[in-house]
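The values are calculated or read from the model by the stated rules, or taken from the named source; none is laboratory data. Predicted, not measured: the structure shown is a model, and the values here were computed from it. Cβ: placed from backbone, ideal geometry, glycine included. Neighbour counts: every protein chain shown.
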């Protein structure tokens, strides 16, 4: 009986140790873009940010006359 209990305890401890010491495996979900190297120096080249055109104004700006009229009413 004692042999059976010690065997169960050994198996549980061995399983727990194996679980703790298991190396964490993380899978990369997003792909990384490969950095480009300079042909002359061999260093990594910073990519220039593309300029975006200015956004169109969506709402019309209130004139001072409209604001004063809103204040009075």
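Could you tell me whether any residue of the range 28-50 is loosely packed, with under 10 Cβ neighbours inside 10 Å, assigned to a loop (DSSP other than H, G, I, E, B), modelled with pLDDT under 85 and at positive phi? Looking for residues that are loosely packed, with under 10 Cβ neighbours inside 10 Å, assigned to a loop (DSSP other than H, G, I, E, B), modelled with pLDDT under 85 and at positive phi, one finds at least one in the range 28-50, hence yes. Here residue 64 meets the list (1) loosely packed, with under 10 Cβ neighbours inside 10 Å; (2) within 37 Å of the chain's Cα centre (by Cα) almost entirely, failing just condition (2).
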